[in-house]
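First the structure, in the form of structure tokens, and then the observations on it.
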């Protein structure tokens, strides 16, 4: 199983957009990351996002690039300060379905730390806006397979 943890791309400030959707730089970074991701030929069963505008828009850009259509959905428990335990349990029971989660900090950092190292507030992975971290699970053990940030992509 592969789990793709994606921090939403750069959002507009509240004064510019009260919903905090992606700004122009965020949209460009998300498109760049999505194009790279498409070249990796990932087999993703579903894309989950928190429902916040910036995560939903980042997930939409990713889904469009991958031709995923209706396999993008809001998933409860992905807000920045939500408890990670329910999602962690769901992931560990999900079998071989590859999942992408578009979310926020500190949530993604805590989830990665729990999967890779058993817990903690921060862990072995540094997330960046629009970045993608791919975790692989062999039996019950998770490891980082690869990671990329938009700034290094052409």
(request) Starting with the highest mean, order 94-104, 60-70, 135-145, 79-89 by the number of other Cβ atoms within 10 Å, averaged over the residues of each peptide. (result) 94-104, 60-70, 79-89, 135-145
(message) Cut-off 10 angstrom, C-alpha nodes, Gaussian network model of the chain. Which of 128, 19, 110 fluctuates the most?
(response) 19
(request) Using only Cα atoms, locate the centre of region 15-31 and the centre of region 73-99, then give the distance between them in Å, rounded to an integer. (result) 25 Å
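If contacts are Cα pairs under 8 angstrom and at least 6 residues apart, what is the relative contact order of region 26-150 in percent?
On the way: 189 pairs, mean separation 29.9, N = 125.
In percent, rounded to a whole number, it is 24.
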(message) Cut-off 10 angstrom, C-alpha nodes, Gaussian network model of the chain. Which of 55, 112, 12 fluctuates the most?
(response) 12
(request) Compute the long axis of helix 24-39 from its Cα atoms, compare it with the longest principal axis of the Cα atoms of the chain, and write down the angle in degrees, 0 to 90, nearest 10. (result) 40 degrees
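Just the projected area, averaged over all directions, of the convex hull on the alpha carbon atoms of region 60-99: how many nm²?
Details: hull surface 14.1 nm².
The Cα convex hull of region 60-99, projected and averaged over all directions, gives 3.5 nm².
Quick note: the coordinates plus some simple rules give every number you see, no bench work behind them. Note that this is a predicted model, so its numbers are computed, not measured. FYI the Cβ positions are ideal-geometry reconstructions off the backbone, even for glycines, and counts take in every protein chain you see.
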